[in-house]
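Read through the structure below, which is laid out as structure tokens, and then see the notes.
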Amino acid sequence: MNAQEIIDLEHENVLGVYGRPAFVLERGEGCTLYDTEGKAYLDCVAGIAVNALGYNDPGVNRAMQEAGATGMLHVSNLYTTAPQARLAALLCETSFADKVHFSLSGADANEGAFKFARRYAREHGHDEKYHILAFSNAFHGRLFGSLAATPRPKYQDPFLPLMPGVRFAEFNDIESARQQMDENVCAIIVEPIQGEGGIYPASQQFLQGLRELADEYDALLIFDEVQCGVGRTGHLWAYQGYGVEPDILTAAKPLAGGLPIGAILMRQKVADAMHPGDHASTFAGNPYTTHVAHHVVDRIADPAFLADVQAKGDLLVDLLEELNSPHILEVRGEGLMVGVQMDIDAAPIMSAAYDRGLLVLIAGPNVLRFVPPLVISEDEIKQAVATVGEILQEM
Ligand code: PLP
């Protein structure tokens, strides 16, 4: 089948909720994807901050072979397997957490976190303590609970009513958070760096203030690190760059190098409130995915790897700033999670980049987003920025 035939087949049979460009991706190598016509695309999207080790990575391939060789792609969570236990131990060793629960995606992890927070509050508070405080511009997922904490009418309105009990304050405004806080709030959820909302880092004071507010009201502080976690910022966990610890952290996207997985990391006091049967999933934490995830996290947790991410992130920011384009108002982010605030629509730049063999993302109407594989090279960063520079000059 040629590209057009595949696209026609897709249009006939796949639900049309994604707007896709007119090429068909076929294979990947390093930080490059190739379409069915053999055209190469330098990938600064990484499956939306997923493919941290790029494509066809020998270590990931080996881990997949090892996991596949057991013959156990899946066994039920009714039974113990070593890969799940090992991955949980690694996540605990490398974070604030005492316990981990696995899920299937970012949204699924946040749904679980909300349930855990309500369970904790029921054991320590009172029946009305079920409210969640979330923030303007946040993105926590598309399921009924996570969507309720994602204040976007376009995403929410067609599906109302959502999970009740979510209230909002202004991101990076601790006074606004304080005004929304009371003894009925069981959890505060925040992205340390907002991703879909446009790459907005939280300030240190804001996260510190939320920590204090949560403690004051015996609410749980949840950091949604689905996009900014697992090395993306040049710290294994974004919170480690802030020195403020949550009670629960949700992770997903890059955790298994491209296989679907989510994880809820928590303190012992949260774990103590959860009892057998309180939450479960058929597939989550299966031995295949968790074996591969262990390899991915182990590689990324290496301080030399993380320092390299930081250095390459600095280079990306510097080069984007050096473009000196009148359309660029600000370049912001942390590590290899970088947003370029434009005074024009970002979508046409993303489209023009396809023609030139570059994949970039947008984050909101005016922000161009770079979340490349963490293994991207300096030369590839230079190439990506040069391409964006050419497009901006033509505009
Ligand atoms: N939380 C954050 C911060 C995200 O960026 C995303 C996805 O972009 C999600 C949650 C939802 O993750 P998933 O698409 O895996 O459900």
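Okay, here's what the table says:
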| quantity | calculated |
| --- | --- |
| Region 378-392 - phi-based ³J(HN,Hα) in whole Hz, Karplus 6.51/-1.76/1.60, Gly and Pro as x | 4, 4, 5, 4, 4, 4, 5, 5, 4, 4, 4, x, 4, 5, 5 |
| At q = 0.12 Å⁻¹, base-10 log of I(q)/I(0) for region 1-150 (Debye sum, equal scatterers on each alpha carbon) | -0.87 |
| Principal-axis tilt of helix 303-322 within the chain, Cα atoms, nearest 10 degrees | 60 degrees |
| Using alpha-carbon coordinates, inclination of helix 82-93 to the longest axis of the chain, degrees | 80 degrees |
| Residues of region 70-300: accessible area per residue with a 1.4 Å probe, Å² | 39 Å² |
| The chain - share of DSSP beta bridges that are antiparallel (%, nearest 5) | 65 percent |
| Over 31 Å between alpha carbons, listed pairs K39/K312; K99/K129; K99/K382; K115/K253 | K99/K382 |
| Among A219, A307, A384: highest mean-square fluctuation, GNM of the chain, C-alpha pairs under 10 Å | A307 |
| Global form of region 245-338, assessed from the alpha-carbon gyration tensor, a/c cut-off 1.5 | prolate |
| Compactness of region 147-195, expressed as Rg and Dmax over alpha-carbon positions, Å | 11.9, 32 |
| Gyration tensor over alpha-carbon atoms, region 1-55, equivalent ellipsoid semi-axes in Å | 22, 15, 8 |
| Share of Cα-Cα pairs in region 70-300 lying beyond 30 Å, as whole percent | 19 percent |
| Pairwise FRET efficiency - N13 versus Q204, Cβ, R0 = 41 Å, nearest 0.05 | 0.25 |
| Alpha-carbon centroids, region 220-273 and region 337-373: separation in whole Å | 26 Å |
| Fluctuation leader among A251, A304, A177 - the chain, Gaussian network, Cα springs under 10 angstrom | A304 |
| Mean residue ellipticity (222 nm) of the chain, computed from DSSP H runs ≥ 4 via -39,500 (n - 2.57), nearest 500 | -11500 deg cm²/dmol |
| For the chain, built as a Gaussian network whose Cα springs stay under 10 Å, the top-fluctuating residue of K99, K312, K382 | K382 |
| Estimated D of the chain in µm² per second, where Rh is the Kirkwood radius over Cα pairs and Stokes-Einstein applies at 25 °C, 0.890 mPa s | 113 µm²/s |
| Table column - 3J(HN,Hα) (Hz), region 44-57, Karplus curve with 6.51, -1.76, 1.60, x for Gly and Pro | 9, 10, 6, x, 6, 6, 9, 6, 4, 9, x, 10, 6, 6 |
| The chain: angle of helix 204-216 to the longest principal axis, Cα-based, in degrees nearest 10 | 20 degrees |
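The values are calculated or read from the model by the stated rules, or taken from the named source; none is laboratory data. Bear in mind that the values here come from a model prediction, so they are computed numbers and not experimental data. Note that we place each Cβ from the backbone using ideal geometry, even for glycine, and neighbour counts take in every protein chain shown. To get the accessible areas, we keep the full protein, side chains included, count just its heavy atoms, and leave off ligands, DNA and RNA. Shrake-Rupley method; radii C 1.70, N 1.55, O 1.52, S 1.80 Å.
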